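Rule-based calculations on the coordinates, nothing more; no lab input. Everything numeric in this text was worked out from a predicted model, so none of it was measured. Note: ideal-geometry Cβ built from the backbone for every residue, glycine included; neighbour counts use all protein chains shown.
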Amino acid sequence: MTEVKKDVILTGDRPTGKLHLGHYVGSLKGRVELMNKMNYKDMFVFIADAQALTDNFDNPEKIRQNLIEVALDYLSVGLDPQRVTIFVQSMVPELTELTFFYMNLVTVARLRRNPTVKAEIEMRGFGKDAECNENEVSFGTGIPTGFFTYPISQAADITAFKATLVPVGEDQKPMLEQTNEIVRTFNRIYGPTLVEADVLLPTNCICRRLPGTDGKAKMSKSLGNCIYLSETADQTHKKIMSMYTDPQHINISDPGHIEGNTVFTYLDAFCSPEHFSLYLPEYSNLDELKEHYQRGGLGDVKIKKFLEKILMEELEPIRARRKEFEKDIPAVFQMLKDGTEKARQTAAQTLSEVKRAMKIDYFNDKELIAEITKKFEG
Ligand code: TRP
């Protein structure tokens, strides 16, 4: 398949923890496929440490530690720094400058309406704004401005690279809408400068949100229900064997339920007909396996072992690559540094176009200097 349009692809992750299977099916795997298949102009993947600090400003050590974990996760899933520019957000100061200019174009009311920000405010326990109290050093449970305005900084991340395609999860759609609004407002006021971007969601809806191993809606570090890309085969084995299935399926002969059964949800996300011929030839496809489970007579251990074989096939190459990259951590930092340097050149170009459009080029604008000189001569 040949693409007509040459896209600039860009996406990023907050380094608040190691990446897990949910990240893998929801985005990382798709990125590697894009890298391999698509005829793109440029591809950027970055570590959004500055954004992570907006609600972790009191724990910079956590962000620092996870920066390298995420970089290792990127490399181990197969993102190739020769073909993808991997960079660190905070090391591209042009992004901060763009954010500051974009802030003029977004109202407080608009930020408040952003559904992702709304949900996060509730989740983080940033309740009502604290009463203004001069003796109070902390802002209590109030919303930090940096956190509140992170959608604007995200617009800077996207537009600085003139990204046209942003592969992200469903929860990031409001960010893209807000970004495109900023683009339109900017271009209307200052002239055509910035480019709108399309969101690219995972096609398989099971992959959009993989549940945790405990059956809860989402893999989350705090719930301890994640399968990490960086864990050992033994750790994954234990997690699979204790996965949530159907609590009413007590004896093998009992009929079992598929809905809400995490093992089947994972099979939906990962298994293909070839896996049956390889590992479970008594069945020809997932429907047959499901049917047997629902009828009764199929035990959880059997389906878990099947899932384990499939996941191992996927995770083993990732683990092997990670081991290699872990042997030379300074090289991983160097890769990030080189990628950041490259990213800065692109961002600096956009920033200079933005400033020119906004007439912020006082020192380089010979006409302006001549004109004002004349004004004072006269
Ligand atoms: N908000 C994204 C997340 O939480 C991370 C992110 C920051 C991002 N800037 C971005 C994603 C720009 C895509 C494009 O996962």
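Structure above, values below:
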item: Relative contact order of the range 233-324, defined on C-alpha pairs under 8 angstrom at six or more residues apart (%); result: 34 percent
item: Distance violations [Cα-Cα > 30 Å] among Lys221/Lys355; Lys118/Lys218; Lys37/Lys359; result: Lys221/Lys355; Lys37/Lys359
item: 5 angstrom amide H check on Asp254, placed H, neighbours 5+ away; result: Gly297
item: Test item: Cα-centred dipole of the chain, Lys/Arg +1 and Asp/Glu -1 on Cβ, debye; result: 440 debye
item: Using θ = phi - 60° and Karplus 6.51 cos²θ - 1.76 cosθ + 1.60, couplings along the range 348-356 (whole Hz; Gly, Pro as x); result: 5, 4, 5, 4, 5, 5, 4, 5, 5
item: Positive-end extreme of charge dipole, the chain - chosen from Val77, Phe264, Ala370 (charges on Cβ); result: Ala370
item: Mean Cβ neighbour count within 10 Å, used as a protection proxy, ranking 147-158, 287-298 highest first; result: 147-158, 287-298
item: Residues whose placed amide H lies under 5 Å from that of His20, excluding near-sequence neighbours; result: Leu229
item: Net charge contributed by nearby residues that have their C-beta within less than 9 Å of Thr179 (K/R +1, D/E -1); result: -4
item: Distance between modelled label sites at Arg110 and Phe376, nm, 7 Å Cα→Cβ extension; result: 3.7 nm
item: Alpha carbon centroid spacing (whole Å) that separates the range 83-118 from the range 250-268; result: 43 Å
item: Under-16-angstrom lysine pairs by C-alpha in the range 233-324, whenever the two are 8 or more apart or on separate chains; result: 11
item: Under 15 Å, Cβ to Cβ, from Leu53 - net charge with Lys/Arg +1 and Asp/Glu -1; result: -3
item: Given charges at beta-carbon only (K, R positive; D, E negative), |dipole| of the range 11-90 in Debye; result: 280 debye
item: Relative contact order computed over the chain (Cα-Cα under 8 Å; 6+ residues apart), in percent; result: 21 percent
item: Karplus-derived 3J(HN,Hα), 6.51/-1.76/1.60, for each residue of the range 361-378, Hz, glycine and proline x; result: 9, 3, 7, 9, 8, 4, 4, 4, 5, 4, 4, 6, 4, 4, 4, 7, 5, x
item: Using θ = phi - 60° and Karplus 6.51 cos²θ - 1.76 cosθ + 1.60, couplings along the range 59-73 (whole Hz; Gly, Pro as x); result: 9, x, 4, 4, 5, 5, 5, 7, 4, 6, 4, 5, 4, 5, 4
item: Antiparallel DSSP beta bridges within the chain, as percent of all bridges there, nearest 5; result: 5 percent
item: Amide hydrogen neighbours beyond the local backbone of Phe87, cut-off 5 Å, H modeled; result: Val45, Phe46, Ile47
item: Mean Cβ count within 10 Å, highest first, over the residues of peptides 255-261, 119-125; result: 255-261, 119-125
item: For the range 279-378, size of Cβ-based charge dipole, Lys and Arg +1, Asp and Glu -1, in debye; result: 280 debye
item: Value at 222 nm in deg cm²/dmol, rounded to 500, when DSSP H runs of n ≥ 4 in the chain each add -39,500 (n - 2.57); result: -16000 deg cm²/dmol
